[in-house]
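Enquirer: This is the structure, below, for whatever I ask next.
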Amino acid sequence: MTRRPASRRPRKLEDPARDHAQRAPKGPSTRDRLKSAHVSGRSVRFGRDEVIGIMRRLVDGDARVRMGMPPYGDLTLGDVESAVASVYGWKGDGPRARIAPGRTVDAFLVARERVIEVARGGGTLAFATGRPASLLSVYRGLATVADDAGGTVLEHAESGLIGPGGHRIWWIDRVAVLTDHESLLGDQGTDAADELLFTLPRPDLMVADRSFAAVSLARGIEVVAFADLDALVLAVAAWRGLAARVVPIDERRPPSAYAPLLELLREPPEVALDLGLAALPIVEGPDSREAEPEAS
């Protein structure tokens, strides 16, 4: 039996379904969606000069930008600039401050995997936000991940009184938030963070932002911290080797803007790897020689 030359064989029938799947346009990536929603990318609130001013105040030890962290006596402006470049992916160029979308995605996956790791090890976790109007849904999602992985999520009904205004901490779906009994309040200094740590047993991992994260770090608690461009003290802490994993993010966007991050919570780790988004440490400290990509 002789084989027919390839040039004379009948043409294979194409599979329309497969052909359509191959040609179907891909939707925007997670990074692009975060950039479009202004969760990362060019900041809608912070200009370059404003962030440089925060850097200088941090070097000077200004308590308002330390958020409960002790001052760094040997901190230089160059150190802060290096921390910002490492965590946020921005080196101070251009009139607007920026957060590299890839840094947000990668750091969020690092945060997710650390939450799962602590939970699977039988650890205790606490969740708190000083930006409940924006980030409450993100923390609720991470708390659910921790609970599903077997961790103990610490919570309480309410804290004691905080300050002369009679504020308290309430827990909403296992996330601590500050309230005046009528509405949820934003970060208002370190008193709420102090009260939170007084009310709860000491957690193995605190997932928080602003003073909740900074005060926890100052007390030696490991932290997953969400940090906007005015929370540079958290980036410096991670850059200098403290037990902090920082997710750079705009903290004041509408809740729907963070939907791409919530979708990542539902993706198995192997999907993240397929996307080239492996959960690897991204903060490079003073000894790092790796070049930093520019924010976009």
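Enquirer: Can you tell me which residues in region 225-258 are over 22 Å from VAL51 (Cα atoms), in contact (Cβ under 8 Å) with a residue 60 or more places away in the chain and aliphatic (A, V, I, L, M)?
Expert: ALA257
Enquirer: Is there a residue being β-branched (Val, Ile, Thr), without any contact (Cβ under 8 Å) to a residue 60 or more places away in the chain and within 20 Å of ARG240 (Cα to Cα) anywhere in region 89-104?
Expert: no
Enquirer: Does region 126-150 hold any residues that are in contact with a Pro (Cβ under 7 Å, 6 or more places away or on another chain) and hydroxyl-bearing (Ser, Thr, Tyr), and which are they?
Expert: Answer for region 126-150, where residues must be in contact with a Pro (Cβ under 7 Å, 6 or more places away or on another chain) and hydroxyl-bearing (Ser, Thr, Tyr): SER134, SER137.
Enquirer: Determine, yes or no, whether ALA176 is outside any helix (DSSP H, G or I), aliphatic (A, V, I, L, M), touching an Asp or Glu at 6+ places or on another chain (Cβ under 8 Å) and modelled with pLDDT of 95 or more.
Expert: Considered against the rule, which asks whether it is outside any helix (DSSP H, G or I), aliphatic (A, V, I, L, M), touching an Asp or Glu at 6+ places or on another chain (Cβ under 8 Å) and modelled with pLDDT of 95 or more, ALA176 comes out as yes.
Enquirer: Condition first: among the small types (Gly, Ala, Ser) and either at pLDDT below 95 or not in a helix (DSSP H, G or I) (or both). Now tell me which residues in region 64-81 satisfy that. It would help to see each step written out before you state the result.
Expert: At the first step, the residues of region 64-81 found to be among the small types (Gly, Ala, Ser) are 68, 73, 78.
GLY68, GLY73, listed by residue number.
Enquirer: Could you figure out which of (1) touching a helix residue (DSSP H, G or I) at 6+ places or on another chain (Cβ under 8 Å); (2) small (Gly, Ala, Ser); (3) under 23 Å from ARG219 (Cβ atoms); (4) surrounded by fewer than 16 Cβ atoms within 10 Å (Cβ to Cβ) isn't true of GLY94?
Expert: Only one criterion is unmet by GLY94, namely (3).
Enquirer: What are the residues in region 36-49 that are surrounded by 14 or more Cβ atoms within 10 Å (Cβ to Cβ) and either hydrophobic (A, V, I, L, M, F, W, C) or touching a residue at least 60 places away in the same chain (Cβ under 8 Å) (or both), if any?
Expert: Those that are surrounded by 14 or more Cβ atoms within 10 Å (Cβ to Cβ) and either hydrophobic (A, V, I, L, M, F, W, C) or touching a residue at least 60 places away in the same chain (Cβ under 8 Å) (or both): ALA37, HIS38, VAL39, SER40, GLY41, SER43, ARG45, PHE46.
Enquirer: Take ILE99 and decide whether it is touching a Lys or Arg at 6+ places or on another chain (Cβ under 9 Å) and surrounded by 19 or more Cβ atoms within 10 Å (Cβ to Cβ).
Expert: Yes; evaluated as a whole, the condition is true for this residue.
Enquirer: Let me ask something else. What strands (runs of 3 or more DSSP E) completely inside region 191-296 contain at least 2 residues that are among the small types (Gly, Ala, Ser), modelled with pLDDT of 95 or more and buried (at least 17 other Cβ atoms within 10 Å of the Cβ)?
Expert: 222-227
Enquirer: What is the one condition in (1) assigned to a helix (DSSP H, G or I); (2) touching a Ser or Thr at 6+ places or on another chain (Cβ under 8 Å); (3) surrounded by fewer than 24 Cβ atoms within 10 Å (Cβ to Cβ) that ASP187 does not satisfy?
Expert: In the conditions (1) assigned to a helix (DSSP H, G or I); (2) touching a Ser or Thr at 6+ places or on another chain (Cβ under 8 Å); (3) surrounded by fewer than 24 Cβ atoms within 10 Å (Cβ to Cβ), ASP187 misses (1) alone.
The values are calculated or read from the model by the stated rules, or taken from the named source; none is laboratory data. Computed from a predicted model, the values in this text were never measured in an experiment. Virtual Cβ from ideal backbone geometry, glycine too; neighbours counted across all protein chains shown.
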